[in-house]
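Novice: This is the structure I want to talk about, given as structure tokens.
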Amino acid sequence: MPTITPEQIPDLVRKGASCRVDAALEPLFKTGDKIRALNINPATHTRLPRYIRGKEGVIDRDHGVFVFPDTQAEMKGAKPQHVYSVRFTAQELWGADAPQKDSLYIDLFEDYMEKT
């Protein structure tokens with residue numbers, strides 16, 4: 001992915017942009033798979049929310065292939081991979097006092113998860 005120059009920013013903000021990649025990559029997960037968000041604490045950029053690290057969820061859907069922001073932010077390449085909507089129960093995230101029927105859906109890159 002090319003570097004964005006300061007002159008390009010106003011046009012990108014006005015028109016929008018996508019980090020979707022047209023790549024034929026086999027997904028690592030499928031709908032219904034049980035996963036655990038990795039419990040990592042990198043010293044560099046990550047979009048893995050701290051409150052879901054180490055928590056278990058279920059793959060709800062595959063959004064397709066996108067540029068991985070963690071490597072892109074460090075100029076280490078696009079490292080394209082699938083992004084999934086993952087459902088976490090409120091009780092998994094916040095304990096037994098959370099409403100039993102509530103869930104949170106969060107989009108995660110493959111590098112943030114492992115199968116359970």
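The values are calculated or read from the model by the stated rules, or taken from the named source; none is laboratory data. These figures come from a predicted structure and were not determined experimentally. As a convention, Cβ positions derive from the backbone with ideal geometry for all residues, glycine included, and neighbour counts pool all protein chains shown.
Novice: Could you tell me whether Glu110 is of a type outside the set (Phe, Trp, Tyr), in contact with a strand residue (DSSP E or B) (Cβ under 7 Å, 6 or more places away or on another chain), under 25 Å from Ala24 (Cα atoms) and loosely packed, with under 15 Cβ neighbours inside 10 Å? If you could, list the steps in order and put the result at the bottom.
Specialist: Values: of a type outside the set (Phe, Trp, Tyr): yes; in contact with a strand residue (DSSP E or B) (Cβ under 7 Å, 6 or more places away or on another chain): yes; under 25 Å from Ala24 (Cα atoms): yes; loosely packed, with under 15 Cβ neighbours inside 10 Å: no.
Answer is no for this residue.
Novice: So, one more: Here are some residues: Val58, Val86. Which one is among the β-branched types (Val, Ile, Thr), within 23 Å of Ile106 (Cβ to Cβ), over 13 Å from the mean Cα position of the chain (by Cα) and surrounded by 11 or more Cβ atoms within 10 Å (Cβ to Cβ)? Give the derivation first.
Specialist: Numbers: Val86 fails: over 13 Å from the mean Cα position of the chain (by Cα).
On inspection, the qualifying residue turns out to be Val58.
Novice: Quick one: would you say Glu114 is closer than 21 Å to Pro42 by Cβ, in a strand (DSSP E or B) and not small (Gly, Ala, Ser)? Talk me through it step by step, then tell me what you get.
Specialist: Working: closer than 21 Å to Pro42 by Cβ: yes; in a strand (DSSP E or B): yes; not small (Gly, Ala, Ser): yes.
Criteria met by Glu114.
Novice: Next question. Given (1) in contact with a Pro (Cβ under 8 Å, 6 or more places away or on another chain); (2) surrounded by fewer than 12 Cβ atoms within 10 Å (Cβ to Cβ); (3) not β-branched (Val, Ile, Thr), where does Lys76 come up short, assuming only one miss?
Specialist: So Lys76 meets the others, but not (1).
Novice: Find the residue count for segment 69-108, including only residues that are of a type in the set (Gly, Ala, Ser) and over 13 Å from Lys55 (Cβ atoms).
Specialist: Keep residues of segment 69-108 that are of a type in the set (Gly, Ala, Ser), which gives 73, 77-78, 85, 90, 95-96, 98, 103.
Right, trim to over 13 Å from Lys55 (Cβ atoms) and you get 73, 77-78, 85, 96.
Residues flagged as of a type in the set (Gly, Ala, Ser) and over 13 Å from Lys55 (Cβ atoms) within segment 69-108 amount to 5.
Novice: Here's a follow-up. Which condition number in (1) modelled with pLDDT of 90 or more; (2) closer than 21 Å to Gly64 by Cα; (3) surrounded by 10 or more Cβ atoms within 10 Å (Cβ to Cβ) is the one that Ala24 fails?
Specialist: It fails just one condition, (3).
Novice: Continuing with the same structure: Go through (1) closer than 18 Å to Asn39 by Cα; (2) exposed (fewer than 15 other Cβ atoms within 10 Å of the Cβ) one by one and return the number of the condition Pro99 breaks.
Specialist: Going through (1) closer than 18 Å to Asn39 by Cα; (2) exposed (fewer than 15 other Cβ atoms within 10 Å of the Cβ) one by one, Pro99 breaks only (1).
Novice: Can you run down the residue pairs with Cβ atoms below 7 Å, 6 or more apart or on separate chains, where the first is in segment 1-23 and closer than 21 Å to Phe109 by Cα and the partner is modelled with pLDDT under 85?
Specialist: Partner pairs satisfying both residue conditions: Met1/Gln72.
Novice: In segment 56-91, how many are in contact with a strand residue (DSSP E or B) (Cβ under 6 Å, 6 or more places away or on another chain) and of a type in the set (Asp, Glu)?
Specialist: Final tally of qualifying residues: 3.
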